[in-house]
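For reference, the structure is listed below as structure tokens.
Please treat every number below as a calculation from the coordinates, not as lab data. For clarity, every value in this text was computed on a predicted model and none was experimentally measured. Here the Cβ is made from the backbone with ideal geometry for all residues, glycine too, and neighbour counts use every protein chain on show.
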Amino acid sequence: MNAISPDITFDLADTALRELNAALHAATGESNARRWRVLNPNGRHAVAVGINAPLTVEIEGHVGYYCAGMNAEASVIIHGNAGVGLAENMMSGFVHVRGDASQAAGATGHGGLLVIDGNASARCGISMKGIDIVVKGSVGHMSAFMGQSGSLVVLGDAGEALGDSLYEAKLFVRGSVKSLGADCIEKEMRDEHKVLLAEKLKAAGLEGTVDVAAFKRYGSARQLYNFHVDNASAY
Amino acid sequence: MTAHSNVPRTPPRFSATFDPATLAEIRRAAATGIYDIRGGGTKRKVPHFDDLLFLGASMSRYPLEGYREKCGTEVVLGTRFAKKPITLRTPVTIAGMSFGALSAQAKEALGRGATTVGTSTTTGDGGMTPEERGQSQTLVYQYLPSRYGMNPVDLRKADAIEIVIGQGAKPGGGGMLLGQKISDRVAAMRNLPKGIDQRSACRHPDWTGPDDLEIKIEELRELTDWEKPIYVKVGASRPYYDIALAVKAGADVVVLDGMQGGTAATQDVFIENVGIPILAAIRPAVQALQDLGMHRKVQLIVSGGIRSGADVAKALALGADAVAIGTAALVALGDNDPQYEDEYQALGTTAGAYDDWHEGLDPAGITTQDPVLSARLDPVKAGHRLANYLSVMTLEAQTIARACGKSHVHNLEPEDLVALTVEAAAMAGVPLAGTSWIPGRTGGY
Amino acid sequence: MCGIVGLFLKDPKLEGELGAMLASMLCVMTDRGPDSAGFAVYGSGAKDKVKLSLRATASYDFEALAAGLSLPAAGLPGLVVRGTHAIVEIPAAREAAVRAFLMERHPEVAIVGTGERMEIFKEVGLPASVAETFGLPSMRGTHGIGHTRMATESAVTTAGAHPFSTGADQCLVHNGSLSNHNALRRALKREGITIETDNDSEVAAGYLTWRMKQGASLGEALDAGLKDLDGFFTFVVGTENGFGVLRDPIACKPAVMAETDQYVAFGSEYRALVDLPGIAKAHVFEPEPATVYFWERAQ
């Protein structure tokens, strides 16, 4: 646990979730300096969802579905594992899970940075729309499915059908890829991609610890962007 | 002269199975290698509200006077959990239609018309535009599998949230928006490359099934501090179970869309062959609500082929709390208007039959992103036409309700109806006219 | 559509608390399944005996039924009545005769499971009241599985509640929705498998029974299920000596597992696991799609 001096502590063992979220929503620019600490989440769903201010929220334990959902501006740190849909549709800010994340981490996220210290399971970054996701472990099957934009950086391995039906999201995987999904191909890692990857790694606090040359880049072959009968078997 | 000249010839005869339309479709498929894509709802004839009639009051029941004796039409939606339920002056709402599928002018016109008569409009797949938020006093924000343009700022601006699981034209399918309509603005709102064919997902990315939907609803409520009504929209296919599950998952309002409901673009085979008519869907849905003790507590909005105040009254009599219109609203704005007949002809169709909404060439400027075409639609005038039409529908529904002796349209009942056909009697669960026979009322759903 | 829990103890010292732990896990899953609940517990048993889990109606006279069995004096039925259910323990050699007797004389009683050690209880209602009615918190055992049900297309009845027994000492709970269960049900019926309800999960159970009757191991049967069962599923399966987990290849329905030196636990959500001892230090992970997991006790 980090040594922090929280200004506000919510213990979900004896406080309703609704009170926590309402207080977080009411926090304004004037309370920006405040640090929030959440105890005993015990797998509760929808913890710290919909924050719209640059707060720092530290959650001590495992959380359920949709933690930090639709986050904007806030930094949410989870000292535990996260359930389905971690930081789903995040707009901006920073979400960091110290353990593993379940399915659909960062789903449909528009912006911000999601860092997962452990593994993420299936559909990590599904329909991502601009979010950056850095997974220190591995990701499960169908990750970045229909990924529109943003980046998914995986230090470990990727499961089956990586980047299926990909649009313009950029995928970087250091380990093995079990299989690529429809219309996803390995692409040349040019200098601009190395710069981009280095930026994302730096933002995730990994500067100097990981060699960008060890990654492969994957992106859309753009063959499915407009229907062509020769590609019908991919549908 | 040959010996055959006096033999009567067999006249050319088309096959009923391989009729000209079928033959043309086979040739089209063989030439292109892709299924036919179009907009709108089913074009085949299905049992509908036309096959129901009201039993007006006479001796056994007393009617109300039009213009003098009050007949309420207001409806309150979202009374179950939401802190801020919605009150509408008429039970006719505007169904979800996206900016992208429709021009910004059309979205604005919908908002203007609906606001004038005190009802709501609904966003679609592609996010909320300032035009529609600005002009819609009550705006329902659709939460769709694609999450195009979905953001918490707009979510909080909405008056209600509609989680879309399916729509009547294509239960089980995702949305489509073809390249011709992905303009710069649409592409930016959806975060997609311009000009691509966009195929939306058919399932939500971060939940599947009613048990997980319950958790998703909790998240949306927490996000919006439990203020906004949460609708759940399904396409009609297994309405008894789907409505029951939406209620169990915590919906405030359920929206049930029959197969006549339109869509911006999808496969013709889907539109014509998947889902059931709204006539057949309402009673099982109401039965589910009644079985759970939730009828009128969780409100039911039905849609799919609603055209007149008579349709509204019939839907309410079967147990709905409100209806939604899509296609009819577009027609009121000016869709398929004969004034553009020459242009429809140039597109190889005719006014009234135009359904290539996905191609973005709509002469009426409604289902297009073309700046020249869309500029043809004056949002103020079109909004006024829509308001007129909505007022007429409301008055018509009141007229029927009064004739049946009801001081509120919600007091219409299935017992006020009879059916003209055995099919309609079975589907609507009302007796065949002149009999007490309701076919098929033995089993469950 | 439901919540699933499972608990497999490695440490015999916890056996006295199995029921209490399972009850706590089950109750947390109420939101996922408020319609009915059920569980199977693997407790004590004797090699030459078999336990029949019987279900009837409220205040059914199980004493009279047991008396009517008129087994030889040495094999008097052991009878434990819990609410609408009773566990009747009889000599294994008499099982066929007792089943025939029940079928003929007591059609009002359903046999919901049989086995040397497995006992199954399930009923309509909230999980907390179901657990309480059957006295789950005080049950001992080596492992158990449980289920809370949100009925989708089949009726909210006790018969539709899980677990479904798949054979002697075998049972299954399911979260998801199978899309080919009607065709499969017809095929299994032709193969002589009895399926009593319109529930898709019972078809899955019947399918595994059928595979195992053909000589497949449970693992092989689950593997075959990946090919033959269409739709979405997470299964947890109990056997006399262990329990298994299988998710469909798309793996949309949730599953979380925790393993420590003392136990392996399964929950549809992590919440179900939070009260387990030492959970903070447990290895918490998600089972992979289309992968058969199985834990077995040392014999």
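Filtering segment A:128-155 to residues that are within 11 Å of chain B (Cβ to nearest Cβ) and over 17 Å from residue A:110 (Cα atoms) leaves only A:142. Filtering segment B:215-274 to residues that are under 17 Å from residue B:161 (Cβ atoms) and among the β-branched types (Val, Ile, Thr) leaves B:215, B:217, B:224, B:230, B:232, B:234, B:247, B:253, B:254, B:255. Quickly run through segment C:221-241 and pick out the residues that are of a type in the set (A, V, I, L, M) and assigned to a helix (DSSP H, G or I). Across segment C:221-241, the qualifying residues are C:221, C:222, C:224, C:226. For residue B:307, the criteria (1) assigned to a helix (DSSP H, G or I); (2) out of contact with any Phe, Trp or Tyr (no Cβ under 8 Å at 6 or more places or on another chain) hold in every case but one, which is (1).
Screening segment C:168-208 for residues that are over 23 Å from residue C:153 (Cα atoms) and either touching a strand residue (DSSP E or B) at 6+ places or on another chain (Cβ under 8 Å) or of a type outside the set (D, E, K, R) (or both) and picking the one that is surrounded by the fewest Cβ atoms within 10 Å (Cβ to Cβ) gives C:192.
Test of understanding: among A:111, A:125, A:106, A:85, which residue is under 10 Å from the mean Cα position of the chain (by Cα), surrounded by fewer than 24 Cβ atoms within 10 Å (Cβ to Cβ), within 14 Å of chain B (Cβ to nearest Cβ) and within 18 Å of residue A:67 (Cα to Cα)?
A:111
On the basis of being touching a residue at least 60 places away in the same chain (Cβ under 8 Å), crowded, with 24+ Cβ neighbours inside 10 Å, within 14 Å of chain A (Cβ to nearest Cβ) and among the charged types (D, E, K, R), does residue B:233 make the cut? Considered against the rule, which asks whether it is touching a residue at least 60 places away in the same chain (Cβ under 8 Å), crowded, with 24+ Cβ neighbours inside 10 Å, within 14 Å of chain A (Cβ to nearest Cβ) and among the charged types (D, E, K, R), residue B:233 comes out as no.
Which residue, of A:221, A:232, is more than 18 Å from the chain's Cα centre (by Cα), aliphatic (A, V, I, L, M) and within 11 Å of chain B (Cβ to nearest Cβ)?
A:232
Selection of segment A:28-44 for residues being assigned to a loop (DSSP other than H, G, I, E, B), touching a strand residue (DSSP E or B) at 6+ places or on another chain (Cβ under 8 Å) and surrounded by 20 or more Cβ atoms within 10 Å (Cβ to Cβ) yields A:41, A:43, A:44. Evaluated against (1) away from chain C (no Cβ under 14 Å); (2) outside any strand (DSSP E or B); (3) not β-branched (Val, Ile, Thr), residue A:58 falls short on exactly one condition, (2).
Looking at segment B:19-41, which of its residues are farther than 16 Å from residue B:269 by Cα and part of a loop (DSSP other than H, G, I, E, B)? Within segment B:19-41, B:19 is the sole residue that qualifies. Residue B:228 passes every criterion in (1) crowded, with 24+ Cβ neighbours inside 10 Å; (2) facing chain A (nearest Cβ under 9 Å); (3) more than 22 Å from residue C:2 (Cα to Cα) apart from (2).
When C:287, C:277, C:254 are checked against the criterion of being more than 14 Å from chain A (Cβ to nearest Cβ), under 22 Å from residue A:43 (Cα atoms) and out of contact with any Leu (no Cβ under 7 Å at 6 or more places or on another chain), C:277 stands alone in meeting it.
The lone criterion from (1) part of a strand (DSSP E or B); (2) over 16 Å from residue B:332 (Cβ atoms) left unmet by residue B:121 is number (2). Within segment B:133-155, does at least one residue satisfy the condition of being away from chain A (no Cβ under 14 Å), in a loop (DSSP other than H, G, I, E, B), under 30 Å from residue B:295 (Cβ atoms) and among the aliphatic types (A, V, I, L, M)? Checked segment B:133-155: no residue is away from chain A (no Cβ under 14 Å), in a loop (DSSP other than H, G, I, E, B), under 30 Å from residue B:295 (Cβ atoms) and among the aliphatic types (A, V, I, L, M). Residue-level check: of (1) out of contact with any His (no Cβ under 8 Å at 6 or more places or on another chain); (2) farther than 25 Å from residue C:19 by Cα, residue C:65 misses just (1). For segment A:94-103, residues that are more than 14 Å from residue A:78 (Cα to Cα) and more than 10 Å from chain B (Cβ to nearest Cβ) total 0. Of all residues in segment B:416-433, which are part of a loop (DSSP other than H, G, I, E, B) and either of a type in the set (Gly, Ala, Ser) or more than 13 Å from residue B:49 (Cβ to Cβ) (or both)? Answer for segment B:416-433, where residues must be part of a loop (DSSP other than H, G, I, E, B) and either of a type in the set (Gly, Ala, Ser) or more than 13 Å from residue B:49 (Cβ to Cβ) (or both): B:429, B:431, B:433.
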